[in-house]
Each structure stands twice: as C-alpha cells, then as structure tokens.
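The values are calculated or read from the model by the stated rules, or taken from the named source; none is laboratory data. Owing to the predicted nature of the structure, the values given are computational and were not obtained by experimental measurement. Note that we place each Cβ from the backbone using ideal geometry, even for glycine, and neighbour counts take in every protein chain shown. SASA here: full protein model, heavy atoms, side chains in, ligands and nucleic acids out. Shrake-Rupley method; radii C 1.70, N 1.55, O 1.52, S 1.80 Å.
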Amino acid sequence: MFGLCIRLLSGIGINAVLVLYPKAQGVVLVKLVRGFIVIMIFLFLGNKIAVYAPLPIPGNIIAMILFLAALNSGVVPLGTVEEISDLLLTKLALFFVPAGVGIMVYFDLLRASFFPLLVGTFLSTMVVLIITAKTAAFILSEDKPRQKGWE
Amino acid sequence: MVIQALLGCLFTVVVFYVGLQLQKRICSPLFNPTFFAIVVIIFFLQLFHIPYEAYNVGGRWVGFFLGPATVALAVPIYRQREKLKTNLFPILTSILIGSIAGIISGVLMGVLMGGSREIIFSLVPKSVTTPIAMEISRAIGGIPPLTVGIVILSGIFGATLGPEILVRLGVKDPIAQGLGIGTAAHGLGTSRAVQEGEIVGAFSGLAMGVAGIITAFLAPLILLLW
C-alpha cells in the first residue's frame, strides 16, 4: 500500500519534472524524485504528530526519528532514499542562508549584546566540548575490552 | 512576484556558490561560505534598502529544503548504526551529559549578559546542527535567525580549536575526541574531525545527529522550569 502510493505520487512528480526539463531523463532522476517523495511523506507525518506532542518538539525531528526507525526496520530500503539524502545533505549549508539573513530584522535588538553573545557562545561551546569528551574518555577507559575492537 | 522570487532564490544560490569557491581558495576553517553568504546578502539588502520580506519571497524557496534535509540526517546515523550499537552506553551518556551542560551554560551566559528571554532561548540549541537548532529555537520561543548565527559561530570555534584543546587536556581516545567535537560543533566540527582521522570523523558525525535528537527533547523542558 505504502509502496503503491509512492509509485503513484512519484509518477506524477517525475512527469512534472520532465515537462519542465525534457532532457533530464533517466534512472537517477526517477530515484531522486521517488526518494524525495518518501522523505516528504515522513516530514508530513512528523509535522502532524508534532501538533499533538505534549512538548514543543520540532516536527522535522519527529520525522527524522520515524525515518530512522523505518530505515532500521527495513520499511524503507536505504537504496530508495540514499541518493536524494546525500544530495540534500551536501547542499545543507545553502538551505539555511535565507534564515540567517533574517537576523537583519533583529539588528537593533542585538547591537548592544553582540560582544557578550560572542564570548558566551565561545565559553559555552568549550564547556560542551570538554565535558562530552572527558565523560566519553572516562567511560571508555573503564571499559577497555570494548574499546579494543576499534583499534 | 514570480520574478522577485526567482531573483531572491538565484541571488542566494549565486552568492553561496561564490562563497564555496572562495573557501576552496582560502582553505581556512575560519572562512565559512554560509556566513559569507549571509553577510554579503544582508549588506546588499541594506545598501539598496530592500526589506527582508521582499528578499524572503525567493529565500523561502531555498529554505523550504531545510525540512526534508533534516529528515535526511537519519541516513548518516543509519549508516553508522553498528558503531552506535557497539558503543551505545559511552555515546549516549557522554552526549546526554554534554548536551545538558550546553543548555545550562547557554542559559547561564544569556542570563549573565542580561539578555531578554528570546535571546537566552536562542542560545539553548547552540551546539546542535543548524536545521535542528533553528526548529528548536522556534519551538521554544527563541529567535531562529539569531540561533543560525550563534550555531555557525559555535561550529567555527569548535572546529578551529576543538582538536587542540582536547589533546592538551589529555583526551587521546579518538572516539572521545570525535564525540566531543561532534556534540559541541556539529557539521563544521565534523568536517574538521574527518581530517583528524577516520574514527574521530565517524564518531563526530554520529554525535552530531544524536546530540540533535537529544537536545530536541531536552530543550523544551526549560519551558517547564521557566
């Protein structure tokens, strides 16, 4: 049922892309569009669930966890979504540029606290770095045999 | 309207592409193409008195892909599932403790500098990968664009200084190094960690995803306490 829906939807999607770019044919495009639709279905589900969650947890995180569970249980084979995921992740740094530009709206609010923000961010980042690494190093040194498997 | 959207969209892509090319030339972790693009676009908009809303008609098209890209973050975690399973306890414990320390220290810094509630909440997801951090910031009532800036800063700090600081403090285990860098400095830290070694890189990438999930569940708890 799930597979059928994806086939139907991706058929529509691929035809739409082919109308726009007649040259862009081939297996890769079909896989990209199909993978994208699978991901969008999870995003839709995640956002739906987020509305009913007792805590304000972002819908895309819930979608990501559902997606991870689907990959792990084999409901979605990795092959279906591998290309589109890699494509989206290599372009990730581009996608949050417009959101970052939005900071210009808050310039007046932030002018006074620019330097404290810089220092605070630096200190807090170092705290996370050192505490996480020290904790991990401590647990791993208590547990030598397991660590050996990685050397 | 369509032309305006296309312009905003194209402009974003072109400036980012220029940033990428510059990064290849400069080869320094201090130069970040996203940061470059944000600064150049803001400068351009201010220069010609273009309001953010007008730019964002097209910018929204680019930003739309953040949602699916965040979902796609599950794929690299899935690929590392064997490493996650064999080291489940050290990974989860250290990232959980590190993330709590990050949230508490972020809030503390915000309070110390006398920031408003919005600014303090924007600092909470500071060490998490940007798409997740933005959504956490939005969900708990921070300022998402401010979070983007702070997250990139965290990444630059962690990527440039992280490995050296850990070595100086005597953390030699590559797994522990990777977990620390990935939890504190997300994707930017991970791109540096990969250069430090295969194990450091793999665990940094894994830590970045796991820390994102853990922080997404921890951060809203602040609303219960505040």
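When only residues in the stretch B:140-164 that are out of contact with any Gly (no Cβ under 6 Å at 6 or more places or on another chain) and among the β-branched types (Val, Ile, Thr) count, which is surrounded by the fewest Cβ atoms within 10 Å (Cβ to Cβ)?
Looking at residues that are out of contact with any Gly (no Cβ under 6 Å at 6 or more places or on another chain) and among the β-branched types (Val, Ile, Thr), I get B:160.
Suppose we filter the stretch B:174-189 for residues that are buried (at least 24 other Cβ atoms within 10 Å of the Cβ) and within 17 Å of residue B:87 (Cβ to Cβ); how many remain?
Residues in the stretch B:174-189 being buried (at least 24 other Cβ atoms within 10 Å of the Cβ) and within 17 Å of residue B:87 (Cβ to Cβ): 9 in total.
Residue B:97 versus (1) open to solvent by 20 Å² or more (accessible area, probe 1.4 Å); (2) of a type in the set (A, V, I, L, M); (3) under 19 Å from residue B:135 (Cβ atoms); (4) within 7 Å of another protein chain (Cβ to nearest Cβ): which is the lone unmet condition?
Status for residue B:97: all satisfied but (3).
Does the stretch B:191-204 hold any residues that are open to solvent by 30 Å² or more (accessible area, probe 1.4 Å) and of a type outside the set (S, T, N, Q), and which are they?
Initial filter on the stretch B:191-204 (open to solvent by 30 Å² or more (accessible area, probe 1.4 Å)): B:191-192, B:194-196, B:198-199.
Within the stretch B:191-204, B:192, B:194, B:196, B:198, B:199 meet the criteria.
With the structure loaded, tell me whether residue B:126 is facing chain A (nearest Cβ under 9 Å), outside any helix (DSSP H, G or I) and charged (D, E, K, R) or whether it fails that test. Walk me through it before giving the result.
On the way: facing chain A (nearest Cβ under 9 Å): yes; outside any helix (DSSP H, G or I): yes; charged (D, E, K, R): yes.
Yes; evaluated as a whole, the condition is true for this residue.
From the set of residues in the stretch B:168-190 that are without any contact (Cβ under 8 Å) to a residue 60 or more places away in the chain and among the small types (Gly, Ala, Ser), which is farthest from residue B:151 (Cα to Cα)?
Taking the stretch B:168-190 and keeping what is without any contact (Cβ under 8 Å) to a residue 60 or more places away in the chain, we get B:168-174, B:177-178, B:181-182, B:185-187, B:189-190.
Within this subset, residues satisfying the condition of being among the small types (Gly, Ala, Ser) are B:170, B:178, B:182, B:185, B:187, B:189.
Numbers: B:170: 26, B:178: 18, B:182: 13, B:185: 8, B:187: 10, B:189: 11 Å.
Checked the stretch B:168-190; the qualifying residue farthest from residue B:151 (Cα to Cα) is B:170.
Taking the stretch A:28-67 as the region of interest, how many residues are of a type in the set (D, E, K, R) and within 9 Å of chain B (Cβ to nearest Cβ)? So that I can check it myself, show each step before the final result.
Taking the stretch A:28-67 first, the residues of a type in the set (D, E, K, R) are A:31, A:34, A:48.
Then keep just the ones that are within 9 Å of chain B (Cβ to nearest Cβ); that gives none.
Of the residues in that region, 0 qualify.
Could you go through the stretch A:111-124 and let me know if any residue there is more than 7 Å from chain B (Cβ to nearest Cβ) and outside any helix (DSSP H, G or I).
The answer is no, given that none of the residues of the stretch A:111-124 is more than 7 Å from chain B (Cβ to nearest Cβ) and outside any helix (DSSP H, G or I).
Please go through the stretch A:69-92 and pick out each residue that is under 22 Å from residue B:64 (Cα atoms) and crowded, with 21+ Cβ neighbours inside 10 Å. So that I can check it myself, show each step before the final result.
The first filter runs over the stretch A:69-92 and keeps only residues under 22 Å from residue B:64 (Cα atoms), leaving A:80-92.
Result: A:81, A:84, A:85, A:88.
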